[in-house]
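Asker: Quick one: structure below, then a few questions.
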Amino acid sequence: MQITLPSPIGRRGPDGRRAPLAAFKLAWPVIWRSLKQMARYLTETEVHTFAFSVAANAILALFPFIILLITLARNVFHSAILEQVVGDLMKFFLPLDQTYVISRMTTLVHAHKHTQIITVVMLLISSTGVFLPLEVALNQVWGVKKNRNYLMNQLVSLGLALAVGL
């Protein structure tokens with residue numbers, strides 16, 4: 001007794017004919033409709049505004065984040081190896097003058113104790129600038145008609161930044 005299994009899509013079956021592409025044929029209208037909606041959405045101006053806002057705030061958060069990492073490596077974990085890893089990370093992200101920038105960041109960590117406090121505040125402000133446009137954009141994508149007020153948006157963004165940071 002021989003058991004024949006259904007042939008995979010596109011392969012020839014026992015009768016010599018190709019297996020049906022029914023699954024793909026059923027999914028194609030859904031895929032095409034989704035692609036058209038995405039293309040229409042990507043041509044709207046506000047999409048690029050949201051993307052630029054997220055990117056700009058992420059770049060603004062980079063240096064305070066690096067100072068915070070160096071501070072944690074040096075003062076909390078007391079690890080020269082971890083501090084070297086942060087330096088290597090900076091060399092990866094920066095295109096030019098990595099040594100100069102690393103030395104300036106290290107100087108900032110040594111300079112004043114208030115630098116760490118200012119760095120954390122700057123990091124929280126810039127990270128809320130990342131989460132706020134994301135929330136507004138996702139509200140539009142999901143069809144939410146009314147956004148939160150400004151203060152509540154800031155609190156939610158701050159909460160998200162703290163949660164991600166922890």
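The values are calculated or read from the model by the stated rules, or taken from the named source; none is laboratory data. What you see is a predicted model, and the numbers here were worked out from it, not measured in a lab. Please note: Cβ atoms are built from the backbone with ideal geometry, for glycine as well, and neighbour counts cover all protein chains shown. Quick note on the areas: whole protein, heavy atoms, side chains included, nothing else; ligands and nucleic acids left out. Shrake-Rupley method; radii C 1.70, N 1.55, O 1.52, S 1.80 Å.
Asker: Distances over 12 Å make up what percent of all Cα-Cα pairs in the range 111-166?
Answerer: The proportion of pairs with Cα distances above 12 Å equals 68 percent.
Asker: Now, a different point. Excluding ligands, DNA and RNA, what is the solvent-accessible area per residue of the range 27-166 at a probe of 1.4 Å, expressed in Å²?
Answerer: With all protein chains present, the range 27-166 gives 70 Å² per residue.
Asker: Also: What aspartates and glutamates could a cross-link reach from LYS36, if we take a straight Cα to Cα line under 17 Å and drop same-chain neighbours fewer than 8 places away?
Answerer: GLU44
Asker: Same structure again: Place the peptides 124-134, 85-95, 32-42 in order of packing, highest mean first, counting for every residue the other Cβ atoms within 10 Å and averaging per peptide.
Answerer: Most protected by this proxy first, the peptides run 124-134, 85-95, 32-42.
Asker: Something else now. Which of the aspartates and glutamates could a cross-linker bridge to LYS146, judged by Cα under 13 Å and excluding same-chain residues fewer than eight apart?
Answerer: GLU135
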